[in-house]
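The values are calculated or read from the model by the stated rules, or taken from the named source; none is laboratory data. Since this is a predicted model, take the numbers as computed values, not measurements. Every residue, glycine as well, gets a Cβ built from its backbone with ideal geometry; the counts of neighbours run over all protein chains shown.
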Amino acid sequence: MSAAKTNKSVKPGEPLPLGATPNERGVQFSLFSRHATGVELLLFAHAQDGRPTDVIELHSRENRTGDLWHVQVDGIGPGQYYLYRVFGPYEPHKGHRFNPNKLLLDPYTKAVTGKFVWNLADARGYDPSSRDKDLSFSETSDAAGMPKCIVISDEFDWRGDRPLNLPLRHSVIYETHVRGLTLHPSSGKMGVEHPGTFRGVAETIPYLKELGITAVELLPVQEFDEYEVQRKNPKTGEKLGNYWGYSTMTFFAPKGSYSSAGARGQQVVEFKEMVRELHGAGIEVILDIVFNHSAEGNELGPTLCFRGLDNSIYYILDKDRRFYKNYTGCGNTLNCNHPIVRSLIIDCLRYWVVEMHVDGFRFDLGSVLGRDSKGELMENPPVVERIAEDPVLRDTKLIAEAWDAAGAYQVGSFPGGRWAEWNDRFRDDVRRFWKGDPHTASDFATRLAGSADLYLRDGRKPFHSINFVTSHDGFTLNDLVSYVRKHNEANGEDNEDGHDQNYSANYGVEGETADPEIRGIRARQVKNFLVTLFISLGTPMMLGGDELRRTQGGNNNAYCQNNEISWYDWDFREVHADILRFSRMLIAFRRKHPAFHRPEFYSGEDRSRNSIPDITWFDEKGREMQWKNADRLLAYRLDGSKAEIAADRDDNDFFLMFNSLEEDREFVLCPPPKGRKWYLAVDTGRPSPEDFPQPGHEHLLKAQNRYTAKNRSAVVLLAK
């Protein structure tokens, strides 16, 4: 690629900070590459230009400090498009894949041009027509098809906004997709005028606030190529795409196509506006972030950023350094504990907290953060400890998906002290109990009580367990009670993708049915799962749309479905008004009663000297539970006194019953506290609205010593 050199005013610049930093004279650029032999900064006038307006050569003597290449360019500012050309050895067997014909993104860029189909076919550093594949060397320029980095100013009127720092134990998390939340045509009935965007999320605030959630956990919003999937839906011929976004290209940059105002830097402003408005409504923002791999894939993937900057440092490579260790199932694994990558991760997290005001992060395949340069799991991974102890991130919520795709499983043992974890043991044990699997009551009780078996031994608290029944990865709650098998044919992978072990049931018919009996069972089971989630100790996370009984038609891996399979149909607010009401009241019930989000585990002992332990487990006969005989029935009493809840206000006492049998069962109740009586707060066996009386109008039980729990039902009594 030929291009004119520059007539811009150029000075050596400074090594730090990394990235592109506007100043009063122009823009300061800095880039890391240890093994590069030369670097050029290319400036562009338009997003899809194949020819730069300026080529600025960085000289080792003037523009290099250690491993950092830097330059000050005067006369330009925010909005400037740029890329890098990096020279160096192309020696795949030694781990080096420099190719100056492939222009590179700045890993610290804060925005990338978007809203067009990236042509990354030419971005491969090798000649795909060669018999030698990645051992060959491509001389084709990819400039026109590459997205461009954008210089961004951090100036923004936050109007006094700060991260909310709500204690994790008081949180109710709502996992959702920016686009899917509002892209369905029915979102107009919600008052959404900017569907599928950050602004669209902000327009749902009245609904989210009424529902009662305290935090939205957004699927990846960092820039990714949504067109990278090359398959088509075999049923419709529709081209599939990367909908979920777990294939990050640039970790600092919010996705341009999620902006209603444009993708020339407006995405940064619109993201900040969304956060500011959510915070104004008391709702936190947690980002799902993907530091375990990048969009560059394996040795046959494109050269977009890290591979062309310093492949041998950014990735965990095999003994034959031509190949990549793949602990992620996505072709490569970032070398997270290398000091350079570790600094990138810390800088990125700090940026999202300090400049973008986010409140927390969920780390996808978080166990990868614990692997060393050889791929071995470390006892005290430096990056995990550094994140946990970083002073800037001290109040930031840290949530690990404590496993990876290569067999690492660290639920209950993720290192780093203060990390919370997605608790898939909660998901599976709760599903198995309500499915009716035998001898599951003991495991079910352990999950209700905060999973002390996982978190007590290393000093963590119940709220470090992120409890969930469903998430983006798997069935929706409606589909969990409607399908025995996954139905992922539309993904174009012969239904071989997605989980096979779902612990789901259909109660007689696979999928939708008009049978009133089956429909009744399914509605009751949906309520049972919701009750379990919100009365359990731990931090509840619900999958967005479950309160509407959103369905994906049995697809349990809708990663490539940017269509009505994944979008929220807001007409379900009326179709399933009973479930929406139930969800809203249940969340309010949890938030009102501190007994369900107490900071400590139950002891099972009497600490208030009133002869009543903080928790007592019973069988249906009113006898203290003998766990070896526990099957599909369970009851327990909670003492809500202040002494047991530590630092919180007094609460009611509660008696809870769970019946996963196909038949009704009478439970013997323990006596209520002296001077009080048992009132019915929740009974999923009753029709709506009798299943959840309005607060203050709970039903006084006629018989204070017995109560019949309907088949497949959960009951909550409170004493007053």
Check the stretch 329-341 and report whether any residue there is over 15 Å from A406 (Cβ atoms), among the β-branched types (V, I, T) and assigned by TED's automatic domain parsing to the domain that holds H279. yes
Might you check whether a residue that is hydroxyl-bearing (S, T, Y), surrounded by fewer than 23 Cβ atoms within 10 Å (Cβ to Cβ) and at negative phi occurs anywhere in the stretch 493-514? yes
Which condition number does G696 fail, the rest of (1) closer than 23 Å to H593 by Cα; (2) at pLDDT 95 or above; (3) surrounded by fewer than 14 Cβ atoms within 10 Å (Cβ to Cβ) being met? (2)
Are there any pairs, at least 6 apart or on different chains, whose C-beta atoms fall under 6 Å, with the first in the stretch 553-575 and in a loop (DSSP other than H, G, I, E, B) and the second surrounded by fewer than 23 Cβ atoms within 10 Å (Cβ to Cβ) and among the β-branched types (V, I, T), and if so, which? N555/I565; A558/I565; C560/V229
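Conditions tested, residue by residue: (1) at negative phi; (2) at pLDDT 95 or above.
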residue: L181; (1), (2): yes, yes
residue: G191; (1), (2): no, yes
residue: H194; (1), (2): yes, yes
residue: E228; (1), (2): yes, no
residue: T236; (1), (2): yes, no
residue: L240; (1), (2): yes, yes
residue: P254; (1), (2): yes, yes
residue: A263; (1), (2): yes, no
Could you run through the stretch 50-104 and say how many residues are part of a strand (DSSP E or B), charged (D, E, K, R) and over 30 Å from K319 (Cβ atoms)? 5
I'd like to check something: does the stretch 185-200 contain any residue that is closer than 15 Å to Q267 by Cα and β-branched (V, I, T)? yes
Within the stretch 176-277, considering only strands (runs of 3 or more DSSP E) that don't extend past its boundaries, which have at least 3 residues that are in contact with a helix residue (DSSP H, G or I) (Cβ under 8 Å, 6 or more places away or on another chain)? 248-254
Quick one: how many residues across the stretch 18-49 are in a loop (DSSP other than H, G, I, E, B) and in contact with a helix residue (DSSP H, G or I) (Cβ under 8 Å, 6 or more places away or on another chain)? 5
Out of curiosity, is E662 at pLDDT 95 or above and either out of contact with any strand residue (DSSP E or B) (no Cβ under 7 Å at 6 or more places or on another chain) or over 25 Å from P594 (Cβ atoms) (or both)? yes
Test: residue in the stretch 316-325 that is out of contact with any Lys or Arg (no Cβ under 7 Å at 6 or more places or on another chain), touching a residue at least 60 places away in the same chain (Cβ under 8 Å), more than 30 Å from V172 (Cβ to Cβ) and surrounded by 23 or more Cβ atoms within 10 Å (Cβ to Cβ): no
How about the stretch 624-640: which of its residues are surrounded by 18 or more Cβ atoms within 10 Å (Cβ to Cβ) and either within 18 Å of D614 (Cα to Cα) or not small (G, A, S) (or both)? M625, R632, L633, L634, A635, Y636, R637, L638, D639, G640
Would you pick out the residues in the stretch 102-134 that are touching an Asp or Glu at 6+ places or on another chain (Cβ under 8 Å), among the hydroxyl-bearing types (S, T, Y) and closer than 25 Å to L18 by Cα? Y108
Whether any residue in the stretch 557-568 is surrounded by fewer than 23 Cβ atoms within 10 Å (Cβ to Cβ), more than 24 Å from E238 (Cα to Cα), modelled with pLDDT of 95 or more and not acidic (D, E) is what I want to check. no
Please work out which one of (1) crowded, with 23+ Cβ neighbours inside 10 Å; (2) over 21 Å from the mean Cα position of the chain (by Cα); (3) of a type outside the set (A, V, I, L, M) is the condition R590 fails and give its number. (1)
Looking at the stretch 150-158, can you tell me whether even one residue there is under 23 Å from the mean Cα position of the chain (by Cα) and either at pLDDT below 95 or surrounded by 14 or more Cβ atoms within 10 Å (Cβ to Cβ) (or both)? no
So which residues in the stretch 159-173 are small (G, A, S) and surrounded by 21 or more Cβ atoms within 10 Å (Cβ to Cβ)? S171
With in contact with a Cys (Cβ under 7 Å, 6 or more places away or on another chain) and among the aliphatic types (A, V, I, L, M) as the only criterion, which of L240, L208, L278, L287 stands out? L240
Only residues that are buried (at least 22 other Cβ atoms within 10 Å of the Cβ) and either among the basic types (K, R) or touching a Gly at 6+ places or on another chain (Cβ under 7 Å) (or both): list them for the stretch 174-186, please. Y174, E175, T176, R179, L181, T182
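Every residue, every condition in (1) of a type in the set (F, W, Y); (2) touching a Leu at 6+ places or on another chain (Cβ under 7 Å), yes or no:
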| site | (1), (2) |
| --- | --- |
| V73 | no, no |
| G79 | no, no |
| R85 | no, yes |
| Y90 | yes, no |
| N99 | no, no |
| Y108 | yes, yes |
| R124 | no, no |
For the stretch 139-155, which positions are part of a loop (DSSP other than H, G, I, E, B) and either touching a Gly at 6+ places or on another chain (Cβ under 6 Å) or among the hydrophobic types (A, V, I, L, M, F, W, C) (or both)? A143, A144, M146, V151, I152
Select, from N495, N478, N528, N502, the only residue that is assigned to a loop (DSSP other than H, G, I, E, B), touching a residue at least 12 places away in the same chain (Cβ under 8 Å) and of a type in the set (S, T, N, Q). N502
Evaluate the following for R573: is it in contact with a Gly (Cβ under 7 Å, 6 or more places away or on another chain), modelled with pLDDT of 95 or more and either under 18 Å from P671 (Cβ atoms) or not β-branched (V, I, T) (or both)? no
